[in-house]
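Worksheet: the structure to be examined is printed underneath.
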Amino acid sequence: MSARLLAVDTTAEFGSIALAEGDHVIEEVILHSPDGFAHLLFGHIERLLARHGWDIRDVDCFAGAAGPGSFTGVRVGLTAVKGLAEATGRPAIAVSNLQAIASFGSGRLRAPVLDARRGEVYGGLYNQDLEAVQPETVSAFSQWLESLPDAPVEFLSPDFSPFRHAIASTRFASAEIRETPRALAGAIARIAATRLGSGQGTDPAAIDANYVRRSDAELFWKDR
C-alpha cells in the first residue's frame with residue numbers, strides 16, 4: 001500500500017493543501033488569504049481529510065513548502081506540518097517551492113523563478129531529475145540570468161509576466177517559458193513521496209525553512 005501524505009503550502013497569498021497516496025494526488029485545494037493562513041489552515045485540513053474519510057492518524061508523512069516566500073507564511077506552514085508530525089509520530093519533509101515549480105517542466109534544464117519583491121527574484125536551476133544544478137538565490141533578475149549556463153533552459157513560474165520584457169533582449173529571448181499552477185501542494189506531495197520511498201523521511205524537529213533571503217526581509221515583505 002502506498003504511503004499517505006498530507007502536503008501544505010502557505011508561503012504566498014495563494015496557498016494550497018493536498019492529499020496523496022504515493023505519487024498520486026487525490027485532491028488538491030487552492031487557498032487564498034491575503035491576511036495569512038494561521039487562522040484558517042487547520043479548518044481546511046479537517047474538511048479535506050473528512051471528504052476522503054481519513055483521520056489525521058491515517059497520514060504516513062506530512063510535507064510542507066519550505067519557501068522561499070513570505071517569512072510568516074513559511075513559518076505557518078512548517079509549524080503546522082511539524083506539529084502534526086510530532087503529534088502523530090510521523091515523519092515530515094520540507095520541499096523547496098522552486099523545486100516544486102521545476103517539477104512541472106519538461107526540459108533538461110529548468111529555471112524556476114518567483115517575484116521576491118524589492119526588484120529581486122528567487123531563482124534556481126534544476127535538471128530533469130529535480131536535482132539542483134546550482135544553489136537557489138535571490139538577486140536582480142538580470143543578475144540571475146547571467147548566472148545561468150549557456151545552454152537551453154526552460155523558465156517556469158506561476159506568473160512570468162513581470163519578466164517577459166526583461167528577457168526579450170537577452171540570450172534567452174527564444175527560451176521556452178512555462179506558466180505553472182499557483183497551487184504547489186500536489187507537487188510538494190509527489191516530491192515528498194519520492195523522498196519517503198528512498199528512506200529520506202525526516203524527524204519533524206530537523207526540517208527547516210528555505211528562506212534564501214536573509215531574515216531582515218520580514219521587515220519589508222508584504223504578501224500579495
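Please compute the length gained on full extension between SER147 and THR194, using 0.36 nm multiplied by the number of residues separating them and subtracting their Cα-Cα distance. Could you put the intermediate results ahead of the total?
Working: separation 47, 0.36 × 47 = 16.92 nm, distance 2.91 nm.
Answer, rounded to one decimal: 14.0 nm.
For segment 124-133, in order, what is each residue's ³J(HN,Hα) by Karplus, 6.51 cos²θ - 1.76 cosθ + 1.60 with θ = phi - 60°, in whole Hz (x at glycine and Pro)?
3J(HN,Hα) across segment 124-133, in whole Hz: x, 9, 10, 8, 5, 8, 6, 9, 5, 8.
For the chain, with the dipole built from +1 on Lys and Arg beta-carbon atoms and -1 on Asp and Glu ones, taken about the Cα centre, which of SER161, ASN97, PHE14 lies farthest toward the positive end?
SER161
So what is the relative contact order of segment 98-142, in percent, for Cα pairs below 8 Å that sit 6 or more residues apart?
Over segment 98-142, the number comes to 34 percent.
Could you size up the charge dipole of segment 85-224 around its Cα centre, putting +1 on the beta carbon of Lys and Arg and -1 on that of Asp and Glu, and report it in debye to the nearest 20?
Values: 15 positive and 17 negative charges, 55 e Å.
Using Cβ point charges on Lys, Arg, Asp and Glu, segment 85-224 gives about 260 debye.
From Cα pairs below 8 angstrom and at least 6 apart in sequence, can you work out the relative contact order of segment 1-138, rounded to a whole percent?
Details: 249 pairs, mean separation 25.8, N = 138.
Result for segment 1-138 is 19 percent.
Would you please name the GluC sites (Glu not before Pro) within segment 107-215 that are DSSP coil residues with at most 13 other C-beta atoms within 10 Å of their C-beta?
Numbers: sites: GLU120, GLU131, GLU136, GLU146, GLU154, GLU176, GLU179; in loops: GLU131, GLU176.
Answer by residue number: GLU131.
Report the one residue of ALA63, LEU5, GLY83 whose Cα lies farthest in the direction of the positive end of the charge dipole of segment 1-96 (charges on C-beta: Lys and Arg +1, Asp and Glu -1; origin at the Cα centre).
Farthest towards the positive end: GLY83.
Say the dipole of the chain comes from +1 at the beta carbon of Lys and Arg and -1 at that of Asp and Glu; which of GLY201, PHE42, ILE177 then lies farthest toward its positive end?
ILE177
Mind putting a number on the dipole of segment 1-96 about its Cα centre? Charges go on the C-beta only, +1 for Lys and Arg and -1 for Asp and Glu, and I need it in Debye to the nearest 20.
Values: 7 positive and 12 negative charges, 45 e Å.
The dipole of segment 1-96 has a size of about 220 debye.
Between VAL133, VAL113, VAL25, find the one with the highest GNM mean-square fluctuation for the chain; connect C-alpha pairs within less than 10 Å.
Most flexible of the set in this elastic network: VAL133.
Most mobile of ASP150, ASP58, ASP35 per a Gaussian network model of the chain (Cα springs, under 10 Å)?
Looking only at ASP150, ASP58, ASP35, the largest GNM fluctuation is found for ASP150.
Restricting to DSSP loop positions (anything but H, G, I, E, B) with no more than 16 other Cβ atoms inside 10 Å of their own Cβ, which trypsin sites (Lys or Arg not before Pro) remain in segment 71-109? Show your work: numbers first, answer last.
Working: sites: ARG75, LYS82, ARG108; in loops: ARG108.
The qualifying sites are ARG108.
Only the coordinates and a few stated rules stand behind these numbers; no lab work does. What you see is a predicted model, and the numbers here were worked out from it, not measured in a lab. Counting neighbours? That spans all protein chains shown, and the Cβs are built from the backbone with ideal geometry, glycine included.
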